[in-house]
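Questions regarding the structure given below will be posed in turn.
The values are calculated or read from the model by the stated rules, or taken from the named source; none is laboratory data. This is a predicted model, so every value here is computed, not measured. All Cβ positions, even for glycine, are placed from backbone atoms using ideal geometry, and neighbour counts span all protein chains on display.
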Amino acid sequence: MRQEREVDQAQGVGGVVRPHRILVASEALPVERARLLVLPRELVRQGEVVQAHGVAMDNGAQYADFLSVWAVALCHEQLNLSETRMMPIMAEANIDYAAVRRYWDEAAAQAFSASYMAHEQGLPDDCVRYRFEKERAAVDAWFASAREHESVLDLGCGAGTWPIHFASQFSRVVGVEQSGKMVEAARSRLAALANVEIINADVVAIDLDERFDCILLGGLLMYLNRGDVVAVLRRLPALLKPGGRIVLRESTVRRGVEPKTGSYQVVYRSSAEYTTIIGESGLALERVELNAGYAAMEMAVAIIDALRTLPVLRSREPSIVGRPVWRALRAAEPLGFKIVPGLLERLGVAWPHLQNHFFLVRDQA
Ligand SMILES: C[S@@+](CC[C@H](N)C(=O)[O-])C[C@H]1O[C@@H](n2cnc3c(N)ncnc32)[C@H](O)[C@@H]1O
């Protein structure tokens, strides 16, 4: 069955997509069931009448399956198009890079836990070590080779946690970090390691005249606007030796894109959106893996944030809540970190809200 209707003055929500008039044409769409029409980005142009082939879904659970979704038309049960609204779900924020730098300069006072975003909830060093140990196993497996002769580049290296680890495995380690205060923290932690160099620079503007066997971008792309993410990724092949490996580690949401404004500016993208971006950047995505270490930490973060909404705990030092919560979760392992989240996922409960993924990427050439 083919349905064609014209939607006048479809309204943009969030100010990114404001299609004026949209002709929705959807084939094979059981209209009675239609609630959402997913419109591919390239078919939605601001201020134009466009013809879009929508994909009907009963609920929003499968957004992530559509790689270049730009807008969702929320339709009434019976496709009552007068009630259709356009809702941009890939709304990208315009990150204020000065605010990002300010945040990390201030966070450097707690450099070790801040690099791993454990500082705001007062999580103990054991939590950072736990997460790092899990991540190390994943990254080591993907970087595996005769590494003693190899070099590694760590973009957005923070307080130097990864350069310290890499120093015993690679012959040369270069870290790049924009926050002067984080660089100071990293350099003082790395002072005794002769094969590590930390460069104070913005990855968006950096020009390195060297090639590496491995490149890590650990929690960096979420602080960059989409255009800069693509620009940074497009420059990676020029920094990579033939056969080199790139690993990205990014905090993710299950679907769409969620920008955060304020003093902590960040864009959480879904792993599907990163897949699209990696493709657009001309790189080949080999593997995607959920970050189990991050999942454990994020569970603690979600519980602590909920507890700290209680008036009695709100004004207390974060570690007063953070430490016992982490200890309790560790003591209840594997119930806390594996069994409960596995059950929730199966029940379709998206908790905790944030996830984190590793992406193994190579140059197409
Ligand atoms: C979440 S921390 C991760 C640090 C480190 N990769 C780790 O895994 O421990 C993100 C780091 O990226 C840095 N960063 C953000 N934008 C950057 C940019 N444009 N250039 C260089 N570093 C940047 C921040 O200053 C911060 O230290």
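Checking Ser263 against (1) surrounded by 14 or more Cβ atoms within 10 Å (Cβ to Cβ); (2) under 30 Å from Arg101 (Cβ atoms); (3) modelled with pLDDT of 90 or more: exactly one of these is not met. Which one?
Result: Ser263 passes all but (1).
Please pick out the residue among Ala238, Ala201, Ala231, Ala191 that is over 28 Å from Glu273 (Cβ atoms), free of Cβ contacts under 8 Å to residues at least 60 places away in the same chain, surrounded by fewer than 16 Cβ atoms within 10 Å (Cβ to Cβ) and among the hydrophobic types (A, V, I, L, M, F, W, C).
Going through Ala238, Ala201, Ala231, Ala191 in turn, just one is over 28 Å from Glu273 (Cβ atoms), free of Cβ contacts under 8 Å to residues at least 60 places away in the same chain, surrounded by fewer than 16 Cβ atoms within 10 Å (Cβ to Cβ) and among the hydrophobic types (A, V, I, L, M, F, W, C): Ala191.
Kindly list, by first and then second residue, each pair from a residue in region 287-310 that is more than 30 Å from Arg362 (Cα to Cα) to a residue that is surrounded by fewer than 20 Cβ atoms within 10 Å (Cβ to Cβ) and of a type in the set (Val, Ile, Thr), limited to pairs with Cβ atoms under 9 Å and residues at least 6 apart or on different chains.
Pairs that qualify, where the first residue is more than 30 Å from Arg362 (Cα to Cα) and the partner is surrounded by fewer than 20 Cβ atoms within 10 Å (Cβ to Cβ) and of a type in the set (Val, Ile, Thr), are Met299/Val340.
Go through (1) in contact (Cβ under 8 Å) with a residue 60 or more places away in the chain; (2) more than 23 Å from Thr252 (Cα to Cα) and name the single condition Leu155 misses.
(2)
For region 318-331, indicate whether the set of residues that are of a type in the set (D, E, K, R), closer than 22 Å to Val139 by Cβ and not assigned by TED's automatic domain parsing to the domain that holds Gly218 is non-empty.
No, region 318-331 has no match at all.
Starting from residues that are hydrophobic (A, V, I, L, M, F, W, C) and out of contact with any helix residue (DSSP H, G or I) (no Cβ under 8 Å at 6 or more places or on another chain), keep the ones in region 140-161 and report whichever is farthest from Leu360 (Cα to Cα).
Among them, the one singled out is Ala146.
Please enumerate the residues belonging to region 115-124 that are surrounded by fewer than 22 Cβ atoms within 10 Å (Cβ to Cβ) and either closer than 22 Å to Pro334 by Cβ or of a type in the set (Gly, Ala, Ser) (or both).
Answer for region 115-124, where residues must be surrounded by fewer than 22 Cβ atoms within 10 Å (Cβ to Cβ) and either closer than 22 Å to Pro334 by Cβ or of a type in the set (Gly, Ala, Ser) (or both): Gly122, Pro124.
Step by step: first the residues of region 330-345, then only those that are within 18 Å of Arg129 (Cβ to Cβ) and touching a residue at least 12 places away in the same chain (Cβ under 8 Å), then the one that is surrounded by the most Cβ atoms within 10 Å (Cβ to Cβ). Which residue is that?
Ranking the candidates gives Phe337 first.
Scan region 140-160 residue by residue and report those that are over 22 Å from Glu210 (Cα atoms) and crowded, with 21+ Cβ neighbours inside 10 Å.
Of everything in region 140-160, just one residue is over 22 Å from Glu210 (Cα atoms) and crowded, with 21+ Cβ neighbours inside 10 Å, namely Ala159.
Here's something else I'd like to know. Which of the residues belonging to region 132-161 are part of a loop (DSSP other than H, G, I, E, B) and closer than 25 Å to His119 by Cβ?
Passing the criteria: Gly156, Cys157, Gly158, Ala159, Gly160.
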